[in-house]
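Q: Dumping the structure here so I can ask a few things about it.
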């Protein structure tokens, strides 16, 4: 029964993504947002998680504002799906749909030195950020979480790989790929905002959240810069990508303390983004312990 459900889900996903592909990115984004808002209404269990996370993170927020953020979150997720089959056509350095700003000189050879780790959160259309490195000719290794449905995973991966880059799933294979990328002086892209049960408890919105230490450990061990990259959604499938200054890598002599300090700064960076645009973030993830 599960295999039948997986096949039906994948078939529907294939049809929807090709429908999005048949229209322009702006129309696909708008249609995806509409579908996201409609489907979000029936996602009662996911909405409970989002509502709980929002109330815990913003205890003084009115219920009406919480519900608006949840609706807008579903809109953002739907737009992300609508834009997925079009991202390989975007020229981030040439199209007027993408505005790029930075706290650093992106043409400075020292900034462009490799290896480097670019990190983001499930925020806005986070996939747009990966195009900055890929379209500069960097060999970019991207670590992602596989979908539970293997047929849906294959469909999503088809569109991802059209953009370029080396895509590897989280786990042992992903860990080996990260080490290989660093040793070959390549670039790495990681979404660093999800719960990792075997991680380190680090404050996030005032509550400890289990946070994966690998990103910080790699930066310390191999002296690799950590660059936060944020994608803000603008109207009509336009995007504002901002590259922040690298996270400072401490060297106190206490490696565990240094790892925690890096992870704390990363979580604080994400928290700042989310407080400014809470509807851009994925509130349906169980980021904190129950």
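Q: Could you say which residue among 104, 42, 25 is in contact with a strand residue (DSSP E or B) (Cβ under 9 Å, 6 or more places away or on another chain) and either closer than 19 Å to residue 234 by Cα or surrounded by fewer than 16 Cβ atoms within 10 Å (Cβ to Cβ) (or both)?
A: 104
Q: Of the residues 94, 78, which is surrounded by 14 or more Cβ atoms within 10 Å (Cβ to Cβ) and over 28 Å from residue 180 (Cβ atoms)?
A: Within the list 94, 78, the selection yields 78.
Q: Let me ask something else about it. For residues that are farther than 16 Å from residue 227 by Cβ and in contact with a helix residue (DSSP H, G or I) (Cβ under 8 Å, 6 or more places away or on another chain), scanning just the range 140-149, find the one that is surrounded by the fewest Cβ atoms within 10 Å (Cβ to Cβ).
A: Among those that are farther than 16 Å from residue 227 by Cβ and in contact with a helix residue (DSSP H, G or I) (Cβ under 8 Å, 6 or more places away or on another chain), it is 146.
Q: Something else about it: Among 153, 161, which is the only one that is without any contact (Cβ under 8 Å) to a residue 40 or more places away in the chain, closer than 30 Å to residue 11 by Cα and surrounded by 15 or more Cβ atoms within 10 Å (Cβ to Cβ)?
A: 153
Q: Right, another one. Any residue in the range 247-269 that is in a loop (DSSP other than H, G, I, E, B) and either touching a residue at least 40 places away in the same chain (Cβ under 8 Å) or crowded, with 18+ Cβ neighbours inside 10 Å (or both)?
A: yes
Q: Please determine whether any residue of the range 110-123 is free of Cβ contacts under 8 Å to residues at least 40 places away in the same chain, more than 30 Å from residue 275 (Cβ to Cβ), out of contact with any helix residue (DSSP H, G or I) (no Cβ under 7 Å at 6 or more places or on another chain) and surrounded by fewer than 20 Cβ atoms within 10 Å (Cβ to Cβ).
A: Yes.
Q: Out of the range 190-242, which residues are over 20 Å from residue 259 (Cβ atoms) and surrounded by 15 or more Cβ atoms within 10 Å (Cβ to Cβ)?
A: Passing the criteria: 205, 229, 230, 231, 232, 233, 237, 238, 239, 240, 241, 242.
Q: Which one of these is out of contact with any strand residue (DSSP E or B) (no Cβ under 9 Å at 6 or more places or on another chain), more than 20 Å from residue 69 (Cβ to Cβ) and surrounded by 16 or more Cβ atoms within 10 Å (Cβ to Cβ): 31, 8?
A: The conditions single out 31.
Q: Could you please find all residues in the range 107-138 being part of a helix (DSSP H, G or I) and either touching a strand residue (DSSP E or B) at 6+ places or on another chain (Cβ under 7 Å) or farther than 21 Å from residue 215 by Cβ (or both)?
A: Selection gives 126, 128, 129, 130, 132, 133, 134.
Q: Something else about it: Could you list, in sequence order, the residues of the range 139-165 that are outside any helix (DSSP H, G or I), within 21 Å of residue 121 (Cβ to Cβ) and at pLDDT 90 or above?
A: Passing the criteria: 140, 141, 142, 163, 165.
Q: Restricting to the range 79-95, give me the number of residues that are more than 15 Å from the chain's Cα centre (by Cα) and touching a residue at least 12 places away in the same chain (Cβ under 8 Å).
A: 9
The values are calculated or read from the model by the stated rules, or taken from the named source; none is laboratory data. Please read all numbers here as calculations on a predicted model, not as lab measurements. So basically every Cβ, Gly included, is an ideal-geometry build from the backbone, and we count neighbours across all protein chains shown.
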